[in-house]
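The values are calculated or read from the model by the stated rules, or taken from the named source; none is laboratory data. Quick caveat, the model's predicted, so the values are computed rather than measured. Please note: Cβ atoms are built from the backbone with ideal geometry, for glycine as well, and neighbour counts cover all protein chains shown.
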């Protein structure tokens, strides 16, 4: 069951990790997994497997809090939400099944290469943007199916894949980020239900508890930033984070970063 034999100071570093990762994820619609796992493994010395298990459990709570905050700040496009959620859940459940039977991680470096290219495209788009003009993204259902599948089978990808491609299609950055974050709660819940039989409660520890506390506290700040930051700056920030996290994931997947 739950490991509660821990002191306050044991939890504080993980609260900081959860807070920092969720502020960025809530404001930009991506990077919670990459940032949290990197800080846990590289800075705090948590074993990679334990870091991954904790991060996935934490995301149920942080995406719920983040989604609620985005709803309060009116960052959610409900029409887009309804198009994303069903296909995202189907993709997530399929991805969980695939992960149980084959190793889907071999494709991850190539997906990250694609996302790095998307990041540079969004960067150029942000630099050239003068007067913001937004369009309702049209290709949403196949995108949600792909994003949900990759998130479960590849250990993450909903935010980077779905957020970035909706922005490429001309979506309003604040609405896209808020909608994708809110939809992610239902996706995380469906994926976790698919894995819960094997996982149980063994992954709850100081890492998990601290990150839940930090992530839930940070959720309102991320949603507020997404609402207040000008669209051009938001698009620019998304591009930079996408390039940095995708490049990091490529290096990690091809074992260019020792110890990760």
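Residues of the stretch 127-179 that are in a loop (DSSP other than H, G, I, E, B) and under 14 Å from residue 235 (Cα atoms): 129, 130, 131, 132, 133, 134, 169, 170, 171, 172.
Condition test on residue 150, is it at pLDDT 85 or above and touching a helix residue (DSSP H, G or I) at 6+ places or on another chain (Cβ under 8 Å)? For residue 150, the condition - at pLDDT 85 or above and touching a helix residue (DSSP H, G or I) at 6+ places or on another chain (Cβ under 8 Å) - is not met.
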